Amino acid sequence: MITTAGISEEEDAAKTIETYRELIAASNTGAWEYFIASRRLNCNEVYFSLLGRSSHEFELQGDNLQPIWIDLLHPDDVAAATNCFERYVLDPQDQAYENFFRMLHANGSWVWIWSRGRYIKDKDGRNTDRIIGTHTDATAVKTAEEETQRERLMLRTLIDNLPDTIYIKDVGARKIIANKADVKAIGAASEAAVLGKTDLELFNNEIGLRGYQDDLQVLASGVAMMNKEELFYDPDGTPHWLLTSKVPVRDESGKVTRILGIGHHITERKKNEEALRNLNTELQALNQQLTLRKEQELEQAIARGKFEIASEVLHDIGNALVGFSAYLNRIKRVLDRFNTETVIQLASFIQAQQSLLAVGLGEAKSNALASLTAGLAKTQADNKTDLAASVTELMNILSHIQDILSIQRQFVKGHEGNNERKAVNLANVIEDCRAMLNASLEKKKITLNVEIATGVQSIKGDHTKLMQVLLNVIKNSIEAMDEETADKRISISLKAVGERLELNIADNGKGFDAATGSRFFQRGFTTKESGTGLGLYNCRTVIDSHGGSFVIESDGPGLGTITRIVLYSDARDSTVTE
């Protein structure tokens, strides 16, 4: 038959077929034709080139489905891929065939194939025994999908293991993601129980209304809500606090489509703030009481005369010096932690890499950077040295001032004659000392054990001086600890034996030999580099003035030290002059 253009239908069909072949080849699409009755698979050259192969490697006649397709499938994909194809062959339901699977490339790698096909219809619209289809290389797409899935899994694992509540809500303020912490905070059994719900549905009280209104505000305004302190309740009614932030998430056009929410637990911080406020209130009340008491004592001192006043003033100065000494020790600890090596190493690194930096920054900027970091390192080191020297000097000055105060107290007391002392609870003295030295003990990882037996714990004496004695002894024990010792311990025990109070302070520190021990109470003798040799001498003087005894013992170097202090609960020391 001849067309109006003078071209036969056969020629027209052949030309159309050739056009389609060229189109398929140009798009790098593999084409295949499957004959159901003979199980023969007829494929174009691109089908094989996608796998780095050639059609000449295969038999294209007869039953060749196994070698051309099935044998090249990934072992993990064989069952699913062949079952999918067989289902379509047996029951196509007038739909297209579509399948994803991996096939073996000639170089040993696996290529993801997107296979699609359809039955060829006869002139009556019925399926023939032929199926035609295409193969497309989908490796890049599948690899990207797998990478995306891995990233999603890692991100989900991360947010589910964070202690903070993390969630995402849609434009209707409904939750679409909630991590484990958020589900637990809500009191739900699972994430599924909270998804698709607003705060109004999750909290049937003012908490739900508050959260829902905040969500609507963020969605409507597009402005983030940051660090809002919010009160919630656990399922058992226990209150807890969250520091909540809600951030709008926008699409490519800038429209708000999501809310990302994060809640940081601050319950402990709120408890500490409340405790601090209560403590501040108590301290203010105590300060008022002390101020009133001081005013009363001052009036009494004026009435008793100038020596009584001088005694009280010296007492207060001694207390102030104890506090000032504690602050100096705190500054010294901070200086000990202040590490200048990092800055020095940075300066050395920049100096060593200066030639490379000059290439990237220019020689002038490189030289300036090296000079700046070197100057900074030197300044930091010099500052630390100067501060350490100043603190050491101040501590030595404090020690000398305390000695002078001790002498002045002796002078004042000598002019007063007999002085009736006040009741001092030794258990309170121990607790006060522990509170003052707690930071030093924790820093050096020393365990302090205190055992106070029941019975009489009070004597008549000077609270400040007794506290200074005990502080001195405990500080000596702290300084005697070997840094390499894993289990560092100091034990304090107080017990009453009749009218006698026995106070023992034992440590597992360095200890000492008998020759060293025999010189402890010589004025000016010390085993410390920065010591004055007055500490133990003054301690024994104070205890002697209270009618007691002060002994230090050790079984030898490395075997620890025990200090034994004996005082008496009767009034035998009430008339002792100091």
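The values are calculated or read from the model by the stated rules, or taken from the named source; none is laboratory data. These numbers come from a predicted model, not from an experiment. Quick reminder, even Gly has a Cβ in these numbers, built from the backbone with ideal geometry, and neighbours come from all protein chains shown. Please note that ligands, DNA and RNA were not included when accessible areas were found on the heavy atoms of the full protein model with its side chains. Shrake-Rupley method; radii C 1.70, N 1.55, O 1.52, S 1.80 Å.
Scan region 151-171 residue by residue and report those that are more than 26 Å from the chain's Cα centre (by Cα) and either open to solvent by 60 Å² or more (accessible area, probe 1.4 Å) or acidic (Asp, Glu) (or both). First the steps, then the outcome.
Going residue by residue through region 151-171, those that are more than 26 Å from the chain's Cα centre (by Cα) are 169-171.
Across region 151-171, the qualifying residues are 170, 171.
For region 33-53, what are the residues that are farther than 18 Å from residue 112 by Cβ, assigned to a loop (DSSP other than H, G, I, E, B) and not basic (Lys, Arg)?
Passing the criteria: 36, 37, 38, 44.
Go through region 479-502 and report how many residues are within 46 Å of the chain's Cα centre (by Cα) and either open to solvent by 10 Å² or more (accessible area, probe 1.4 Å) or among the hydroxyl-bearing types (Ser, Thr, Tyr) (or both). Show your work before the answer.
Here is the first cut: in region 479-502, the ones within 46 Å of the chain's Cα centre (by Cα) are 479-495, 502.
Next cut, either open to solvent by 10 Å² or more (accessible area, probe 1.4 Å) or among the hydroxyl-bearing types (Ser, Thr, Tyr) (or both) only: 479-489, 491, 493, 495, 502.
The number of residues fulfilling the criteria is 15.
Given the criteria under 20 Å from residue 89 (Cα atoms) and either at pLDDT below 90 or open to solvent by less than 80 Å² (accessible area, probe 1.4 Å) (or both), does residue 28 qualify? Before the answer, list the steps.
Details: under 20 Å from residue 89 (Cα atoms): no; either at pLDDT below 90 or open to solvent by less than 80 Å² (accessible area, probe 1.4 Å) (or both): yes.
No, not satisfied.
For region 114-169, name all the residues that are of a type in the set (Phe, Trp, Tyr) and either modelled with pLDDT under 90 or closer than 30 Å to residue 197 by Cβ (or both). Break it down stepwise before answering.
To start, the set of residues in region 114-169 that are of a type in the set (Phe, Trp, Tyr) comprises 114, 119, 167.
Passing the criteria: only 167.
Name the pairs whose Cβ atoms lie under 6 Å apart, with the first residue in region 50-78 and under 15 Å from residue 30 (Cα atoms) and touching a residue at least 40 places away in the same chain (Cβ under 8 Å), the second in a loop (DSSP other than H, G, I, E, B) and open to solvent by less than 50 Å² (accessible area, probe 1.4 Å), and 6 or more positions between them or separate chains?
What qualifies is 51/105; 52/105.
Take region 430-464 and flag every residue that is assigned to a helix (DSSP H, G or I) and either closer than 19 Å to residue 508 by Cβ or in contact with a strand residue (DSSP E or B) (Cβ under 9 Å, 6 or more places away or on another chain) (or both).
Filtering region 430-464 down to residues assigned to a helix (DSSP H, G or I) leaves 430-443, 463-464.
Correct list: 430, 431, 433, 434, 437, 438, 440, 441, 442, 443, 463.
With the structure loaded, tell me whether residue 219 is open to solvent by 50 Å² or more (accessible area, probe 1.4 Å) and within 19 Å of residue 262 (Cβ to Cβ) or whether it fails that test.
Values: open to solvent by 50 Å² or more (accessible area, probe 1.4 Å): no; within 19 Å of residue 262 (Cβ to Cβ): yes.
So residue 219 fails the test.
Suppose we keep only residues that are exposed (fewer than 14 other Cβ atoms within 10 Å of the Cβ) and at pLDDT below 70 within region 329-341. Which one would you say is nearest to residue 442 (Cα to Cα)?
It comes out as 337.
Taking region 153-174 as the search range and keeping residues that are out of contact with any helix residue (DSSP H, G or I) (no Cβ under 7 Å at 6 or more places or on another chain), of a type outside the set (Val, Ile, Thr) and in contact (Cβ under 8 Å) with a residue 24 or more places away in the chain, which one is nearest to residue 237 (Cα to Cα)? Lay out the reasoning, then the answer.
Step one: filter region 153-174 for residues out of contact with any helix residue (DSSP H, G or I) (no Cβ under 7 Å at 6 or more places or on another chain), giving 153-159, 161, 168, 170, 172, 174.
Applying the additional criterion that residues be of a type outside the set (Val, Ile, Thr) yields 153-156, 158, 161, 170, 172, 174.
If we keep only those that are in contact (Cβ under 8 Å) with a residue 24 or more places away in the chain too, we end up with 170, 172, 174.
Numbers: 170: 29, 172: 29, 174: 25 Å.
Applying the filter and picking the extreme gives 174.
What number of residues within region 472-492 are touching a strand residue (DSSP E or B) at 6+ places or on another chain (Cβ under 6 Å) and part of a helix (DSSP H, G or I)? Walk me through how you get there before you give the answer.
Filtering region 472-492 for residues touching a strand residue (DSSP E or B) at 6+ places or on another chain (Cβ under 6 Å) gives 473, 477, 481, 488-492.
When the remaining residues are screened for being part of a helix (DSSP H, G or I), the result is 473, 477.
Residues flagged as touching a strand residue (DSSP E or B) at 6+ places or on another chain (Cβ under 6 Å) and part of a helix (DSSP H, G or I) within region 472-492 amount to 2.
It is to be established whether one or more residues within region 249-260 are in contact with a strand residue (DSSP E or B) (Cβ under 6 Å, 6 or more places away or on another chain) and more than 15 Å from residue 169 (Cα to Cα).
No, that holds for no residue.
Can you pull out every residue in region 180-230 that is of a type in the set (Ser, Thr, Tyr), under 15 Å from residue 170 (Cβ atoms) and in a loop (DSSP other than H, G, I, E, B)? Please lay out each step first, then the result.
Initially, region 180-230 is screened for residues of a type in the set (Ser, Thr, Tyr), giving 190, 198, 212, 221.
Still in the running and under 15 Å from residue 170 (Cβ atoms): 198, 212.
Of everything in region 180-230, just one residue is of a type in the set (Ser, Thr, Tyr), under 15 Å from residue 170 (Cβ atoms) and in a loop (DSSP other than H, G, I, E, B), namely 198.
Kindly indicate whether residue 136 is open to solvent by 70 Å² or more (accessible area, probe 1.4 Å) and of a type in the set (Ser, Thr, Tyr).
On the way: open to solvent by 70 Å² or more (accessible area, probe 1.4 Å): no; of a type in the set (Ser, Thr, Tyr): yes.
Criteria not met by residue 136.
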